[in-house]
Every structure is written in structure tokens, then in C-alpha cells.
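This report refers to the structure that appears directly beneath it.
The values are calculated or read from the model by the stated rules, or taken from the named source; none is laboratory data. All values derive from a computational prediction rather than experimental measurement. FYI the Cβ positions are ideal-geometry reconstructions off the backbone, even for glycines, and counts take in every protein chain you see. Ligands, DNA and RNA are stripped out before the accessible areas are found, and what is left, the full protein with its side chains, is counted by its heavy atoms. Shrake-Rupley method; radii C 1.70, N 1.55, O 1.52, S 1.80 Å.
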Amino acid sequence: VSALIAAAERVRAGDMSARVTATETDDELGSLSRAFNRMTSQLESQRHELIDANRQLDHRRRFTETVLEGVSAGVLGLDADFCINLPNRSATELLGRDLDSLLGHRLDAAVPETAPLLETVLRRPGRLVESQIKIRRGPELRTLLVRIAAERLESEVRGYVVTFDDITDQLTDQRRAASGAAIH
């Protein structure tokens, strides 16, 4: 019994390798010792599996963050209440806002120009919403193509992914080409 108590204390302290010497007898103490050893063996195995799963999740998270930092499009992760929880550097630059300081704030509060898009998302849940918005930050007026897609788990919306592409130069080039064609 004292060996079981000592092994249980080791397990409580986090040592899942703790085992007791099990007797081969079929008495209650032998059964309890074998059950304890099976339990700690399972706990140790599950702990290793959890550590491996967490390591894989951490690796995937770092990979995803690296990918998001490397794309030129602005990307925002929003929770189900439209609060910012993951901005990339490009989104911060395109929107002209320090989005890291706005984590936990609603997108429409941080970037009021997006409010009509969020209303459309609420009316059409689960469908991709796409529109252009104009952003004035300082003296410069930029046109952004914004897409909002729902992130679902089965039928429940878990959050949203918002992408921003600066199409200002593209629109300017199209207007120039159109006016040049009209002159000729």
C-alpha cells in the first residue's frame, strides 16, 4: 500500500512513468497494483500523444503565420463576432492601421469602411461576400477589393477570413486605357 501511495504521489507530481511492483497473486492488492500500472502506462502514452499533437499544431501555426506574412494580399482572421484575431503585415499596411493594437476589436470599429460588407455577411451567412471599398489614410485614397468568407465547422460559423487586394493602380490603368481608346 505504501508503494502505491508513493507511486500515486509521483504521478500527481507529473511523473507518468511511476509503476509499482505488482504481485502475481490474485488478491485485491495485486489487482490494484496491476490496474495502477495499466493506468499510468495509458496516461504516459496519452501524454506523449498530446505532446506530439501540440508540437504538430505549433509547427502548422508557425507555417501558417509565415505564409500569411509572405503574401502581398492583406489577410485578417475574425472571430464569429467580427472581432480581429489574426492580422497579417500586409493588412496593416493596406489599411493604414496598427491592427495588432486592435486585436479583439470589431473590424467595422477598426475600419468603418467595412461596415456595409459585414451587414451583407450577416444577411447572407455562409456565402462569399466581395466588394470594393475606398480607404483614405492621410492624403492618399486607395481602392481595395475585399472578400469575406465564413470559416465553418459543420454548419456553425466559427469565424471569417477577410482578404484585401489594393486595386487602385489597376483601376487607374483601366481608366487611362478607356480614355485613350475614346480619344482614338
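For a quick check of your reading: which strands (runs of 3 or more DSSP E) sit entirely within the stretch 124-184 and have at least 1 residues that are of a type in the set (Ser, Thr, Tyr) and touching a residue at least 60 places away in the same chain (Cβ under 8 Å)?
156-166
Identify, by number, the condition in (1) under 14 Å from the mean Cα position of the chain (by Cα); (2) touching a residue at least 12 places away in the same chain (Cβ under 8 Å) that Glu93 doesn't meet.
(1)
State yes or no: is Asp79 open to solvent by 30 Å² or more (accessible area, probe 1.4 Å) and under 19 Å from Ala149 (Cα atoms)? Step through it out loud before you land on a result.
Numbers: open to solvent by 30 Å² or more (accessible area, probe 1.4 Å): yes; under 19 Å from Ala149 (Cα atoms): yes.
The answer is yes for Asp79.
Answer yes or no as to whether Ala109 is more than 16 Å from the chain's Cα centre (by Cα), farther than 14 Å from Thr163 by Cβ, at pLDDT 85 or above and among the hydrophobic types (A, V, I, L, M, F, W, C).
Values: more than 16 Å from the chain's Cα centre (by Cα): yes; farther than 14 Å from Thr163 by Cβ: yes; at pLDDT 85 or above: yes; among the hydrophobic types (A, V, I, L, M, F, W, C): yes.
Against the criterion (more than 16 Å from the chain's Cα centre (by Cα), farther than 14 Å from Thr163 by Cβ, at pLDDT 85 or above and among the hydrophobic types (A, V, I, L, M, F, W, C)), Ala109 qualifies.
What is the number of the single condition among (1) out of contact with any strand residue (DSSP E or B) (no Cβ under 9 Å at 6 or more places or on another chain); (2) not in a helix (DSSP H, G or I) that Asp108 does not meet?
Asp108 satisfies every listed condition except (2).
Considering only the stretch 46-66, state which residues are of a type in the set (A, V, I, L, M) and farther than 26 Å from Arg89 by Cβ.
Our first condition is that a residue be of a type in the set (A, V, I, L, M); within the stretch 46-66, this holds for 50-51, 53, 57.
Passing the criteria: Leu50, Ile51, Ala53.
Tell me, which residue of the stretch 25-38 that is free of Cβ contacts under 8 Å to residues at least 24 places away in the same chain and within 15 Å of Ala3 (Cβ to Cβ) is surrounded by the most Cβ atoms within 10 Å (Cβ to Cβ)?
Just the residues of the stretch 25-38 that are free of Cβ contacts under 8 Å to residues at least 24 places away in the same chain, to begin with: 25-28, 30-31, 34-35, 37-38.
Filter again for within 15 Å of Ala3 (Cβ to Cβ), leaving 25, 27-28, 30-31, 34-35, 37.
Details: Thr25: 10, Asp27: 9, Glu28: 8, Gly30: 13, Ser31: 13, Arg34: 14, Ala35: 11, Asn37: 16.
Filtering the stretch 25-38 for residues that are free of Cβ contacts under 8 Å to residues at least 24 places away in the same chain and within 15 Å of Ala3 (Cβ to Cβ), the one surrounded by the most Cβ atoms within 10 Å (Cβ to Cβ) comes out as Asn37.
Has the stretch 112-122 got at least one residue that is at positive phi and within 21 Å of the chain's Cα centre (by Cα)? Give the steps one after another, and end with the answer.
We begin by selecting, within the stretch 112-122, every residue at positive phi; these are none.
Looking through the stretch 112-122, none of the residues is at positive phi and within 21 Å of the chain's Cα centre (by Cα).
Which residues, counting only those in the stretch 1-24, are exposed (fewer than 14 other Cβ atoms within 10 Å of the Cβ) and among the β-branched types (Val, Ile, Thr)?
Val1, Ile5, Thr21, Thr23
What pairs can you find where one residue is in the stretch 57-83 and more than 13 Å from Val162 (Cβ to Cβ), the other is open to solvent by 100 Å² or more (accessible area, probe 1.4 Å) and modelled with pLDDT of 85 or more, and their Cβ atoms are less than 7 Å apart, with a gap of 6+ or different chains?
Correct list of pairs: Glu69/Arg89; Ala80/Arg158.
Do the conditions hold for Asp166, that is, is it open to solvent by less than 70 Å² (accessible area, probe 1.4 Å), more than 16 Å from Asp108 (Cα to Cα) and out of contact with any Gly (no Cβ under 7 Å at 6 or more places or on another chain)? Before you say what the answer is, go through the steps one by one.
Working: open to solvent by less than 70 Å² (accessible area, probe 1.4 Å): yes; more than 16 Å from Asp108 (Cα to Cα): yes; out of contact with any Gly (no Cβ under 7 Å at 6 or more places or on another chain): yes.
Criteria met by Asp166.
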